[in-house]
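The values are calculated or read from the model by the stated rules, or taken from the named source; none is laboratory data. Keep in mind the model is a prediction, meaning the values are calculated, not measured. Cβ placement follows ideal geometry from the backbone for every residue including glycine, while neighbour counts extend to all protein chains displayed. Protein only, heavy atoms only, side chains kept; ligands, DNA and RNA dropped before computing areas. Shrake-Rupley method; radii C 1.70, N 1.55, O 1.52, S 1.80 Å.
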Amino acid sequence: MRFSKFITNLERKQMLNLLSTGKRIDGRDLYSYREIKIETNVIERAEGSARVYLGDTDVLAGVKIDVGEPFPDVPNEGVLTVNTELVPFASPAFEPGPPDENAIELARVVDRGIRESKAIDLAKLCIIPGKKVFVVYIDIYVLNHGGNLIDASALAALAALLNTKMYNYELVGEELKILAGYQPLPIKNYPIAVTFGKVSDYIILDPSLDEEQIMDARLTITIDKDKRICAIQKGIGGYFTLQQVRDIAKIASEKSEELRKLVLSECK
Amino acid sequence: MEKSEKPLITEDGLRTDGRGPRDLRPVKIEVGVVKNADGSAYIEQGKNKILAAVYGPSEVHPRHFALQDRALLRCKYHMAPFSVQDRKSPAPSRREIELSKVIREALEPSLFLEYYPRTSIDIFIEVLQADGGTRCASITAASIALADAGIPMRDMVVACAAGKVDGHIVLDLNDIEDKNGEADMPLAMMPNKGLITLLQMDGLVTQEEFKQMLELAMEGCNLIYQIQKKALKSTFIKTVEEV
């Protein structure tokens, strides 16, 4: 994922020079997001879907709901599964085949935010305790890799969940009978992932593809609706100082508000 | 799977294994335990039993993976099928793939990889018994194994988790606390300059609790760092005596 694009030394120098004046190569300041656009209900066949554009990044999330067995340790809860596909047409760095470590990490970071914030009320997805529950599959397709896939994917997943419809049903013995009409998926929380990059000693929000090539380290903090931290992931070899981590946690908390407002207004 | 019916923290503030909230589990480290490896280490932290072995710098296989300006660092974290309550399939799980990646990225900043272009350095971590906090213990062990292999480094990397259990901020979570607690935050650092090379968290905590956890985890790292350094030094003292 790191070397999906080559950056010349000249470009690197220019980017660093700009950062020292508090600006970035695409004109943003250090703690701004690129333009975000959210479209919902883009795939009719899916129970829920959303497409998120974050600058040049383009991510599509689809939700499918199935009936399956619960995990033995939580027999009264539905199951959540997040999967991401880094399909080869989205970037020269993506290769065909089963998900690689980058795809797995991406899926697990998105999963952790949704799971730990208890965004989906899984207890309401139980049909017959220990036997039958609803399984929520979130599949995330990256359609164009323009940097910061984590935030875009987490946003797309949340937007897709917010407009997911479940069919009404009744139990006949142990079988499900599908009835007319739909109900929304029970959502309790709105986790927002906020990702920072560290270039030299500068901390930048929402790194673009160019910036990702010269980035030393990455830190994602996921914030829930009550401003609590529900997931953290540091990525790429590189380090942060204690002060940097503290600052990042603070900025993440502020920025998450902006994004949450945007998703909620788009998913009304 | 173990489920605790008892409270995770008693009224006296003691934990399921009798520790106070800011206590580490007993840590035992041995260096040079795998004869064939260029460097190796064995760590016991509570009931965790983990082996780490390092091979390299050596020729890269397959060759097209070689990097022209530095060594290729590879890491494989693996859990033995018998290391947990229910047998774990030996095939790499998604969790193991993610952990291999974050462990590699936690160790990478400590190494002068640019000294060995076009070579590979391979780290193999085998969890023989797991008891919560395996990624942290693995990083601590792998870093000594790298030192034992004589790979130049800026500092050793040491890791320790802090978390929230029954409303208390605690150090070095065991398996039961990890599964039933509110939050678990593994942290790895290079203690000399206090640089954080791994930070993950799952759970729900406030900003204030997060700050406390950060400080506690770093404190824990510093404690383990002393044990780590002692273990490494003692092997070299032994070597000198043999000579």
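Annotations for the structure displayed:
- Close pairs (8 angstrom Cβ cut-off, 6 or more residues apart or separate chains): free of Cβ contacts under 8 Å to residues at least 12 places away in the same chain and within 7 Å of chain A (Cβ to nearest Cβ) in the range B:198-212, assigned to a helix (DSSP H, G or I) and open to solvent by 40 Å² or more (accessible area, probe 1.4 Å) anywhere: B:207/A:250; B:211/A:246
- Selection status of residue B:130, more than 14 Å from chain A (Cβ to nearest Cβ) and touching a Ser or Thr at 6+ places or on another chain (Cβ under 6 Å): yes
- Selection status of residue B:198, open to solvent by less than 20 Å² (accessible area, probe 1.4 Å) and in a loop (DSSP other than H, G, I, E, B): no
- Test for residue B:121: is it within 14 Å of chain A (Cβ to nearest Cβ), open to solvent by less than 10 Å² (accessible area, probe 1.4 Å) and more than 30 Å from residue B:64 (Cβ to Cβ): no
- Residue selected from the range B:118-147 under the condition out of contact with any helix residue (DSSP H, G or I) (no Cβ under 7 Å at 6 or more places or on another chain) and among the charged types (D, E, K, R), by the criterion nearest to residue B:25 (Cα to Cα): B:126
- Set B:28, B:6, B:35: member being more than 14 Å from chain A (Cβ to nearest Cβ), among the charged types (D, E, K, R) and not in a loop (DSSP other than H, G, I, E, B): B:28
- Qualifying residues in the range B:48-65 (those that are in contact with a Leu (Cβ under 7 Å, 6 or more places away or on another chain) and open to solvent by less than 30 Å² (accessible area, probe 1.4 Å)) - the one farthest from residue B:147 (Cα to Cα): B:60
- Search result, residues across the range B:78-114 that are touching a residue at least 24 places away in the same chain (Cβ under 8 Å), hydroxyl-bearing (Ser, Thr, Tyr) and within 11 Å of chain A (Cβ to nearest Cβ): B:100, B:110
- Test: residue in the range A:131-148 that is open to solvent by 50 Å² or more (accessible area, probe 1.4 Å), farther than 19 Å from residue B:93 by Cα and at pLDDT below 95: yes
- Of the residues screened, residue A:232 is one that is facing chain B (nearest Cβ under 7 Å), at pLDDT 95 or above and either buried (at least 22 other Cβ atoms within 10 Å of the Cβ) or touching a Ser or Thr at 6+ places or on another chain (Cβ under 8 Å) (or both).
- The listed residues are B:105, B:98, B:114, and the only one of them that is of a type in the set (Asp, Glu) and open to solvent by 20 Å² or more (accessible area, probe 1.4 Å) turns out to be B:114.
- Hits in the range A:209-221 (condition: more than 9 Å from chain B (Cβ to nearest Cβ) and either crowded, with 23+ Cβ neighbours inside 10 Å or over 18 Å from the mean Cα position of the chain (by Cα) (or both)): A:210, A:211, A:212, A:213, A:214, A:215, A:220
- In the range B:29-47, the residues that are open to solvent by 50 Å² or more (accessible area, probe 1.4 Å), over 13 Å from residue B:232 (Cβ atoms) and touching a residue at least 40 places away in the same chain (Cβ under 8 Å): B:38, B:47
- Filtered residues of the range A:78-127 (kept if open to solvent by 50 Å² or more (accessible area, probe 1.4 Å) and among the aromatic types (Phe, Trp, Tyr)): A:89
- One residue stands out among those in the range B:146-185 that are small (Gly, Ala, Ser) and closer than 26 Å to residue B:121 by Cα: the one that is most open to solvent (accessible area, probe 1.4 Å), which is B:150.
- Helices (runs of 4 or more DSSP H) within the range B:88-186 that include 2 or more residues of a type in the set (A, V, I, L, M, F, W, C): B:94-107, B:134-148
- Residues of the range A:235-268 satisfying the condition of being more than 8 Å from chain B (Cβ to nearest Cβ), open to solvent by 40 Å² or more (accessible area, probe 1.4 Å) and within 19 Å of residue B:197 (Cα to Cα): A:243, A:247
- Residue list for the range B:203-221, restricted to those being more than 17 Å from the chain's Cα centre (by Cα) and among the charged types (D, E, K, R): B:208, B:209, B:211, B:215
- Single condition residue A:141 does not satisfy, out of (1) away from chain B (no Cβ under 14 Å); (2) touching a Cys at 6+ places or on another chain (Cβ under 6 Å): (2)
- Being at positive phi and at the interface with chain B (Cβ under 9 Å from one of its Cβ atoms) is not true of residue A:181.
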